[in-house]
1. If I fit a long axis through the Cα atoms of helix 21-34 and take the longest principal axis of the Cα atoms of the chain, what angle between them do I get, 0 to 90°, rounded to 10?
2. Once both axes come from the Cα atoms, what is the angle between helix 61-71 and the longest principal axis of the chain, in degrees from 0 to 90, rounded to 10?
3. Suppose a student asked you for the relative contact order of the stretch 11-202, using Cα pairs under 8 Å spaced at least 6 residues apart; what percent would you report?
4. Springs between alpha-carbon pairs under 10 angstrom, Gaussian network model over the chain: which of 90, 169, 125 fluctuates most?
5. On C-alpha positions alone, give me the angle between the axis of helix 105-120 and the longest principal axis of the chain, in degrees, nearest 10.
6. What is the fewest-to-most order of 34, 170, 44 by other Cβ atoms lying within 10 Å of their Cβ?
7. Taking square-rooted eigenvalues a ≥ b ≥ c of the alpha carbon gyration tensor, is the chain rounded, prolate or oblate, where a/c under 1.5 means rounded and, failing that, a/b exceeding b/c means prolate?
8. Once every DSSP H run of n ≥ 4 in the chain is given -39500 (n - 2.57) and the sum is divided by its residues, what mean residue ellipticity at 222 nm do you get, rounded to the nearest 500 deg cm²/dmol?
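Please treat every number below as a calculation from the coordinates, not as lab data. Computed from a prediction, not measured in an experiment: that's the story for all the values here. A quick note on method: Cβ atoms are made from the backbone with ideal geometry, for glycine too, and the neighbour counts reach across all protein chains shown.
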């Protein structure tokens, strides 16, 4: 007798906010202007830019449906976001990651906290570090993109970029209002990860008002 083997399908997922096209285009133009200052860096594709609220990892399809059902009941109201300034992880003198800052007041952090608690109730581990909203633009080539200290830190691949930025006015990329958040699938492909939305969730019960 042969036993039938069942293959369980898994997806690598995370929860995030999308950004408006106008802001994405401004960031893309900025990256095109400074990319050559860090030729060895891995720059994020503009179409992949997003604000991560919770990375979950690989889950079977039935667990993903459970997560979607839970997220559908979450409400926090629209969130105003401003994109400005920049920084480096873990420090400017030992830079591995270049990022743009996000001004969101406490509301975005509260949303991330609600999502963290909600997913914890589904058996997903809570975040170990405080929520720090940012948009990652580049990672030093061949090195970890994690924000904390890692063995080998001490070199700075972004020194030329830092010199350029220090002579520029404050970076401003615009503002937007987020009315929904998304569940994304992350597929590891040649050339980097590709992100696809597999679920959308409104932040309020009222539909967004059209721009006048």
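1. 40 degrees
2. So the helix axis and the longest Cα principal axis differ by about 70 degrees.
3. Relative contact order here is 33 percent.
4. Among 90, 169, 125, the largest mean-square fluctuation in the Gaussian network model of the chain belongs to 169.
5. With both axes taken from Cα atoms, the answer is about 40 degrees.
6. In increasing order of surrounding Cβ atoms, one gets 170, 34, 44.
7. oblate
8. Calculated mean residue ellipticity at 222 nm is -7000 deg cm²/dmol.
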